[in-house]
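Worksheet: one structure, shown below.
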Amino acid sequence: MGQIPDQLPVISRGRHLEPEDGGCLMEIASLLAGERWSDAPRCTHPLLAAVARLVNDEVGDEARQELLQLVPELVGAVGDGPATAPAIVRTCARVGLTIDPGSRRLRHSLAVAEDRMTHLPDTHWRDVLYTYGPATHAIVRTIDTIVRRDRDCDETLSALLRECVQVVRDRTPQRRLASAGAAAGKRTGSLAGLGTG
């Protein structure tokens, strides 16, 4: 169980060795979940955590500060199994295609994700390989497309993360969300002045 500091870290870009150095969205989520300090806590689906880390690092300071409101929603958002990763990829690819409708890579990622949602893998390892391989590459491509081509990328990236969080929370069993919310709720006394230093 992680130790909760009196005040949460100041939110900033990148990975941080300890809370005193600042924290990204996922590192702060690890504290609220009572886990060890990490940018990849178990309390959040790994692909959603990847989206959160990438968005955290790409948006400006003002947008990042506003995203702090999502931290409690990231805690416990683990999804419901092998359809979760393709649902995240589908969400990302659809947003990316609004920015670059001609992207063959994003269209391919969308088609693969939709196929995986109708033909779920028969083993856990196939899901893991997809999540940490093609699915991760698809979200990186999407976020890169948004950053390179969208003048309002902070707004688009923030909306993308919010949508991905909602997709995963909708797929997470309610009892899991309730228990994670209760555990994080005990720690949200630290949310007063969240990330403001």
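The values are calculated or read from the model by the stated rules, or taken from the named source; none is laboratory data. Please read all numbers here as calculations on a predicted model, not as lab measurements. Positions of Cβ are generated from backbone atoms using ideal geometry, with glycine treated the same way; all protein chains shown enter the neighbour counts.
Do you know which residues across segment 15-30 are among the aliphatic types (A, V, I, L, M) and touching a helix residue (DSSP H, G or I) at 6+ places or on another chain (Cβ under 7 Å)? Even if it seems obvious, please write down each step before you answer.
Taking segment 15-30 first, the residues among the aliphatic types (A, V, I, L, M) are 17, 25-26, 28-29.
Answer for segment 15-30, where residues must be among the aliphatic types (A, V, I, L, M) and touching a helix residue (DSSP H, G or I) at 6+ places or on another chain (Cβ under 7 Å): LEU25, MET26, ILE28, ALA29.
Evaluate the following for ALA40: is it in a loop (DSSP other than H, G, I, E, B) and not charged (D, E, K, R)?
Values: in a loop (DSSP other than H, G, I, E, B): yes; not charged (D, E, K, R): yes.
Answer is yes for this residue.
Out of PRO72, PRO101, PRO82, I need the residue that is surrounded by fewer than 18 Cβ atoms within 10 Å (Cβ to Cβ) and either touching a Ser or Thr at 6+ places or on another chain (Cβ under 9 Å) or of a type outside the set (Asp, Glu) (or both). Which one?
PRO101
Acidic (Asp, Glu) and either at pLDDT below 90 or assigned to a helix (DSSP H, G or I) (or both): does that describe GLU66?
Working: acidic (Asp, Glu): yes; either at pLDDT below 90 or assigned to a helix (DSSP H, G or I) (or both): yes.
Here the answer is yes, as GLU66 does meet what is asked.
When you check LEU48 against the structure, is it under 26 Å from HIS16 (Cβ atoms) and crowded, with 21+ Cβ neighbours inside 10 Å, yes or no? Before the answer, list the steps.
Working: under 26 Å from HIS16 (Cβ atoms): yes; crowded, with 21+ Cβ neighbours inside 10 Å: yes.
It is true that LEU48 is under 26 Å from HIS16 (Cβ atoms) and crowded, with 21+ Cβ neighbours inside 10 Å.
The rows are residues; the columns are (1) among the basic types (Lys, Arg); (2) closer than 26 Å to GLY14 by Cβ.
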| position | (1), (2) |
| --- | --- |
| SER38 | no, yes |
| ARG42 | yes, yes |
| ARG53 | yes, yes |
| LEU97 | no, no |
| GLU114 | no, no |
| PRO121 | no, no |
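Let's see how each residue does on (1) part of a loop (DSSP other than H, G, I, E, B); (2) more than 11 Å from the chain's Cα centre (by Cα):
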residue: LEU17; (1), (2): yes, yes
residue: ALA29; (1), (2): no, no
residue: ARG36; (1), (2): yes, yes
residue: ARG53; (1), (2): no, no
residue: GLU62; (1), (2): no, yes
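I'd like the full set of residues that are of a type outside the set (S, T, N, Q) and part of a loop (DSSP other than H, G, I, E, B), limited to segment 83-116. Show your work before the answer.
Step one: list which residues in segment 83-116 are of a type outside the set (S, T, N, Q), which gives 83, 85-90, 92-97, 99-102, 104-108, 110-116.
Those that are of a type outside the set (S, T, N, Q) and part of a loop (DSSP other than H, G, I, E, B): ALA83, ASP100, PRO101, GLY102.
All but one of (1) in a helix (DSSP H, G or I); (2) without any contact (Cβ under 8 Å) to a residue 60 or more places away in the chain hold for PRO121, so report the exception by its number.
Of (1) in a helix (DSSP H, G or I); (2) without any contact (Cβ under 8 Å) to a residue 60 or more places away in the chain, only one is false for PRO121: (1).
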